[in-house]
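Below is one structure, written out as structure tokens; the observations come after it.
The values are calculated or read from the model by the stated rules, or taken from the named source; none is laboratory data. None of these values were measured; they are calculated from a predicted model. No Cβ is skipped: glycine too gets one built from the backbone with ideal geometry, and neighbour counts run over all protein chains shown. To get the accessible areas, we keep the full protein, side chains included, count just its heavy atoms, and leave off ligands, DNA and RNA. Shrake-Rupley method; radii C 1.70, N 1.55, O 1.52, S 1.80 Å.
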Amino acid sequence: MGTASWLSASILCHAEISTFDWGSVSGCDSSWTSGGLLFRNSRGTICTSSNSTVTNGTITSNDVAGLVVTHINGMPFTPVSIDVGEYSTFKSDPAVQFVGYKASGATVTTGIMLDQHADGAGGINDFQNFSFPPEFADIIRLEVSNTFWSFDNFTFSTIVPPPFPVDQKLGPGFGSATLLYSKSILDDTLVIGSDFQFVSGFRPSSPTATKFLAPEGTVFLGGTYSPSYDRVDKALYFKQSNTSALRKYKGGVTNDATTLSDTVAAGYPVDVITSPGSAGGRLLFLGYVHSGNDPSTIFRKQNGVTTAIVTPATPLPIGNSTALPNSLGGPVVSATSHAFVATLASSPTKVRLYASFAGGPTQYMIGENDPIPTGETYVTVTDLADYEFTASGELRVRAQLNSGKAWLYYTSAGLSRIDYILATVSPVNSGKEVTGDLFKTDVGTTFLDTHGEIFREQDGRYFCLIGVGDKIGSETISYLEFKAARASLPLRVIVEARYAASANNTAQILELSVNPPEVLAPRFGTTFIHPESGDLFIPLSHLTQGREYWVRRSSNLKDWQDLWKIQEVLPMQHVLIPTELLVLPVFFRVEQR
């Protein structure tokens with residue numbers, strides 16, 4: 001696809017001098033931005049003050065192996081000067097070489113010999129000031145491949161352009177919005193059921209006390225605890241304020257699903273039952289003695305018969321041995337499998353996850369602080385959160401790893417794959433990279449929530465569904481949060497939205513229908529002229545990372561000539577047109593291939 005534009009009247013822009021000073025930042029980050037320039041290194045993390053033995057009296061950095069400097073919008077910039085120092089008093093490269101890349105693909109090089117003076121704090125300045133030669137004017141990327149060196153006070157010149165063209169948001173990404181209910185923003189929202197048979201609001205001060213309504217029209221309002229939805233049987237299980245029975249709600253009728261008498265018949269009498277989990281009428285629940293110190297028991301009720309399947313005397317596997325449980329909790333169930341968490345008497349502070357697949361033996365899945373392999377390295381589980389069985393029978397675990405949030409998928413053979421939840425993507429037509437939580441649906445669609453915008457994925461590309469500033473009817477959205485997606489087609493999602501004109505304590509729970517994604521070509525903005533070279537710059541509304549773009553030229557809008565491939569594909573950027581190409585009539589376009 002491509003787009004073409006007449007060259008509109010251009011304006012003259014001015015240059016601006018800026019300095020990147022490590023004293024203005026602190027700590028570590030994946031990159032640093034200053035004056036429009038982006039500073040990155042080869043390991044993906046840049047830290048300040050990583051060595052104090054080479055100093056100029058201020059904060060510097062030697063964590064710059066494989067330094068790359070670019071403009072966040074693809075603009076050219078001119079490095080003016082830089083303070084360069086040794087890596088440490090024990091190690092340093094003899095010289096530092098700088099390579100500049102022009103928009104045309106040409107390169108320029110320069111370098112500086114280090115004086116190897118490094119006496120640390122209290123001595124003279126260990127850094128040398130280096131000025132870049134004139135041929136480094138208007139480069140689009142600066143690279144330094146050296147490993148053992150330091151720098152500070154990078155001074156550079158950039159062009160101050162007019163604003164980018166207004167970004168083209170996909171519009172609208174949703175087809176309709178249906179109000180489910182309004183609630184206080186002090187309440188949270190819980191969606192239960194693969195097709196939203198129940199939606200509940202509850203107060204954080206009492207997070208298990210919920211109130212449910214059924215969007216399909218069946219009225220059901222009542223205080224409940226520990227809700228669990230059986231997607232096969234389309235029934236809701238819950239515990240009311242008393243602890244002697246678990247209740248079942250289906251088709252407008254509520255009755256007891258199990259009572260304390262069932263645990264007596266199973267041979268393990270308790271006085272508290274809670275935490276239901278059900279699939280296809282197969283119910284698991286937790287029971288314990290309120291005043292006792294014995295661990296809890298996991299019961300199963302199926303075809304009217306209640307059985308204790310994990311008791312205080314059940315040995316649980318751990319490595320090549322077994323141990324008795326210290327506590328049990330959170331049973332979840334599929335038609336033939338179940339899972340639960342436990343602590344063991346031998347390690348009462350460590351939470352472990354166990355599962356039985358298709359009626360097989362109980363297996364140890366994963367525990368807090370366990371390492372798991374990812375290729376040739378390992379990551380560590382720091383926290384276990386939600387877990388459930390998928391429609392295909394896998395056990396899906398939401399976990400916090402030392403490398404980020406992720407879904408861990410398990411079968412009876414062990415860990416099958418890892419899907420990271422926190423992701424950074426470059427959505428089509430969003431004009432920026434965004435970071436947010438991923439939500440995968442049973443129909444294979446992924447949504448990404450940034451708590452300001454919601455994106456949906458299609459064929460590996462993300463499209464904006466809705467965001468702050470968009471309108472629903474005549475109301476402008478001031479807050480937006482993804483809640484859930486329906487398991488069945490057509491695509492629909494539940495969101496929480498707040499309107500700019502609404503009362504501060506009101507939120508709307510809405511169901512949105514999702515439109516098919518629409519792809520738009522990059523759009524040209526107002527052109528402008530470099531104040532020194534006279535080159536012409538054309539701002540583009542967006543470029544999508546991972547795609548290939550070419551600049552093309554024509555004198556008649558019929559015959560097009562390739563000029564060059566855009567080297568650094570950024571979400572939004574400018575295209576430079578040298579003065580020798582500006583003959584009349586002339587047309588330019590950017591084509592995606």
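A few remarks follow.
A quick yes/no check of all residues on (1) of a type in the set (Ser, Thr, Tyr); (2) open to solvent by 30 Å² or more (accessible area, probe 1.4 Å):
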{"residue": "GLU475", "(1), (2)": "no, yes"}
{"residue": "SER478", "(1), (2)": "yes, yes"}
{"residue": "ALA497", "(1), (2)": "no, no"}
{"residue": "ASN505", "(1), (2)": "no, yes"}
{"residue": "GLN508", "(1), (2)": "no, no"}
{"residue": "PRO522", "(1), (2)": "no, no"}
{"residue": "SER541", "(1), (2)": "yes, no"}
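- Selection within region 324-350 - small (Gly, Ala, Ser) and either assigned to a strand (DSSP E or B) or at pLDDT below 90 (or both): SER327, GLY329, GLY330, SER334, ALA335, ALA339, ALA342, ALA345, SER346, SER347
- Considered as a group, the residues in region 356-381 that are small (Gly, Ala, Ser) and open to solvent by less than 50 Å² (accessible area, probe 1.4 Å) include one that is farthest from the chain's Cα centre (by Cα), and that residue is GLY360.
- Tallying residues that are open to solvent by 50 Å² or more (accessible area, probe 1.4 Å) and either modelled with pLDDT of 90 or more or of a type outside the set (Gly, Ala, Ser) (or both) within region 268-297 yields 8.
- The number of residues in region 465-481 being touching a Ser or Thr at 6+ places or on another chain (Cβ under 9 Å), part of a strand (DSSP E or B) and either more than 13 Å from GLN508 (Cβ to Cβ) or among the acidic types (Asp, Glu) (or both) comes to 3.
- Qualifying positions in region 387-398 - assigned to a loop (DSSP other than H, G, I, E, B) and either under 13 Å from TYR354 (Cα atoms) or of a type outside the set (Val, Ile, Thr) (or both): ALA391, SER392, GLY393, GLU394
- Residue in region 549-571 that is of a type in the set (Phe, Trp, Tyr) and in a loop (DSSP other than H, G, I, E, B) present: yes
- Only strands (runs of 3 or more DSSP E) whose full extent lies in region 490-540 are considered here, and the ones with at least 3 residues that are over 30 Å from PHE77 (Cα atoms) and touching a residue at least 12 places away in the same chain (Cβ under 8 Å) are 492-499, 507-514.
- Criterion (without any contact (Cβ under 8 Å) to a residue 24 or more places away in the chain and more than 18 Å from ILE421 (Cβ to Cβ)) met by exactly one of ASP470, ASP459: ASP459
- Some residue of region 301-323 being out of contact with any Leu (no Cβ under 9 Å at 6 or more places or on another chain), more than 18 Å from ALA355 (Cβ to Cβ), part of a strand (DSSP E or B) and open to solvent by 30 Å² or more (accessible area, probe 1.4 Å): yes
- Criterion violated by ALA345 - all others in (1) among the hydrophobic types (A, V, I, L, M, F, W, C); (2) exposed (fewer than 15 other Cβ atoms within 10 Å of the Cβ); (3) touching a Lys or Arg at 6+ places or on another chain (Cβ under 8 Å) satisfied: (3)
- Scanning region 564-579 for residues that are modelled with pLDDT of 85 or more and open to solvent by 30 Å² or more (accessible area, probe 1.4 Å) gives TRP564, LYS565.
- Which listed residue is out of contact with any helix residue (DSSP H, G or I) (no Cβ under 7 Å at 6 or more places or on another chain) and buried (at least 16 other Cβ atoms within 10 Å of the Cβ), from ALA413, ALA391, ALA423: ALA423
- Region 519-557 - residue that is aromatic (Phe, Trp, Tyr) and modelled with pLDDT of 80 or more and, of those, farthest from the chain's Cα centre (by Cα): PHE528
- Only one entry of LEU353, LEU384 meets the criterion of being closer than 20 Å to GLY319 by Cβ, under 23 Å from the mean Cα position of the chain (by Cα) and either outside any loop (DSSP other than H, G, I, E, B) or not small (Gly, Ala, Ser) (or both), and that entry is LEU384.
- Across region 229-248, the number of residues qualifying as open to solvent by 20 Å² or more (accessible area, probe 1.4 Å), modelled with pLDDT of 65 or more and hydroxyl-bearing (Ser, Thr, Tyr) comes to 3.
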